[in-house]
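Here the structure is laid out as structure tokens; the discussion comes afterwards.
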């Protein structure tokens, strides 16, 4: 992961922590930059006395002790050191010591002309500037209370003092940051040069480290009780079914926080007086009501246990109203943990997106955060600062301008929806529409993109219609017709139901570089999740291969149907799984991992298609899965059972090997030739005992036929065939081949 903190201008790279010997635990804590209290660094003590430093919302790195109260920051360029300062009460602060080159920022075209036309000597500097060698990083130069200020992406506001000419400075103890504005020959400011001398100081605060350690899963360190609370269906969850969520959230961009409430309508499946809901520990619950009565509750990790004063009888319907607020976590690319992205676009406008797969929707709103329970429908109301647009799931009911310079967007989801597919996408969006006419109906297509990227976005979105035609032909009708079909440019690609986030068009974000083929392929993948992930949803993260394998296979079909088979095979050859662990995870612990689920999963489905060797049956099978399990949640066992029934063949051995084992089958061959006769001995080297998958081989050009190896040796005699001409169809079967 690449991230740059402007105060210290470091390059963070997350790695396995380096062992430090018996270091005192008073180093740990939350530290705020002296010149910008919004810039936080968290020092943690991990296992085996290993210490790490995390720049909140930017990344975490390991520290190695090199002296008294002194640490080297691992894998940071240029090299950096942390020197802690202490008094007789313990550690009070630290200095970040790092020699840095000058950084140049280029001025961007201002959308708001008032930034450059307002009167006054300081206004010539006002605008948005982008770092020359890292276009993710933007600094906004503004005037506040008659002083020039600088604000970087994800950081607070710095007040600058005029030094001389076009030079402004910021000083704090021995730290000096110099901002030199660079004019062109006509005197117009075109760039900004930033240099720094001295060391930024970070002061220990009274905040608790655990408030920033709620990512929700950490499978690399083993599963904990918190993982079981998140991933297991206990009696406190199975005793009720969610019928409806009425979620209302207000977004506070200045503090990167939210406030809101969720009215949850539930039906008692069994009689109960206590239930579990979920909301991350760093979010504050202000009250929980039911029928106007305040309910008692306790919290453990990210679970909320609600106590009812009397038993709720089986079959009855009740409503719970939870009011809450706080600052949700930011995504952590190193652990794949989700959160809320708080970015700016190329023009310095807010660009915000929720991404919650894995960590869970409860990182920003209270819900029953288990994949097995979808509400039947949902209302989503999002309030944002005026001038911004929110795109959430379903169809837009109304947009209301509020008297407090905010705008409320109200959306309605007409279908069951899994909580992690609920989203906010907020930014300076522009919208245009189209219609997709199929044999059955007319579907409304809604496209959203950043206003400055509309021209390129229109060219990308033109591919939606042929994509939808292919997916409907292969998988069946688009599942969410009443809610329409929405796809949008976003910070991160994600399959938000009926509001698909296709990721950034320009890569890196806010650059002028884009790859239209890669954009289209990403759009195919995320839109395929409308069928595989949103319509048919896994009921445990262990089975996530179903979502990702079928969505990646949809890309394979796109190459085959929209181009040709050769293009499809070329794309399949690009898939190179590591085969280091099974793609089927562990149940009941929210085992979120990605790994080979995409590439290996697609190769497994391609292999199964060729093993079945009947495309009519294969595509009936794909449509049948969508129809049979529509709007439901499924397990791997459900899918395998359906395939076995539909094909009237037991493929349990196939899935057992490819899903529950890391390695793939190896076809071992011993070939010998005597005169005109070639003898071929063959068998599977494989983990699963009853593995007898058929596979195609060829003894002549482009003529393939099936053989059926087992774990026991078999023999094949061929006449007038040379050893070198005997081939195994590895284009269509994902196996290794060993020849002797």
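Of note:
- Any hit, the range 505-517, residues being buried (at least 20 other Cβ atoms within 10 Å of the Cβ) and closer than 21 Å to residue 434 by Cβ: yes
- Test: residue in the range 445-462 that is touching a helix residue (DSSP H, G or I) at 6+ places or on another chain (Cβ under 9 Å), assigned to a helix (DSSP H, G or I) and closer than 13 Å to residue 562 by Cα: no
- For residue 625, the conditions (1) touching a residue at least 60 places away in the same chain (Cβ under 8 Å); (2) more than 19 Å from residue 535 (Cβ to Cβ); (3) surrounded by 20 or more Cβ atoms within 10 Å (Cβ to Cβ) are fulfilled apart from (2).
- Residue in the range 391-410 that is surrounded by the fewest Cβ atoms within 10 Å (Cβ to Cβ), counting only those that are within 27 Å of residue 456 (Cα to Cα) and in contact (Cβ under 8 Å) with a residue 40 or more places away in the chain: 395
- Residue match in the range 561-584 (condition: out of contact with any strand residue (DSSP E or B) (no Cβ under 6 Å at 6 or more places or on another chain), buried (at least 16 other Cβ atoms within 10 Å of the Cβ), more than 30 Å from residue 227 (Cβ to Cβ) and free of Cβ contacts under 8 Å to residues at least 12 places away in the same chain): no
- In the range 269-296, residue farthest from the chain's Cα centre (by Cα) [restricted to those that are surrounded by 12 or more Cβ atoms within 10 Å (Cβ to Cβ) and in a loop (DSSP other than H, G, I, E, B)]: 271
- Matching residues in the range 314-345 - criterion: being assigned to a loop (DSSP other than H, G, I, E, B) and closer than 18 Å to residue 390 by Cα: 328, 345
- Of the strands (runs of 3 or more DSSP E) lying entirely inside the range 673-740, the ones with 3 or more residues being outside the structural domain of residue 650 (by TED's automatic domain parsing), farther than 22 Å from residue 569 by Cα and within 45 Å of the chain's Cα centre (by Cα) are found at 677-685.
- Residue in the range 219-227 that is touching a strand residue (DSSP E or B) at 6+ places or on another chain (Cβ under 6 Å) and buried (at least 16 other Cβ atoms within 10 Å of the Cβ) present: no
- Residue in the range 656-667 that is nearest to the chain's Cα centre (by Cα), counting only those that are outside any helix (DSSP H, G or I) and crowded, with 17+ Cβ neighbours inside 10 Å: 661
The values are calculated or read from the model by the stated rules, or taken from the named source; none is laboratory data. What you see is a predicted model, and the numbers here were worked out from it, not measured in a lab. All Cβ positions, glycine included, derive from the backbone under ideal geometry; neighbour counts span all protein chains shown.
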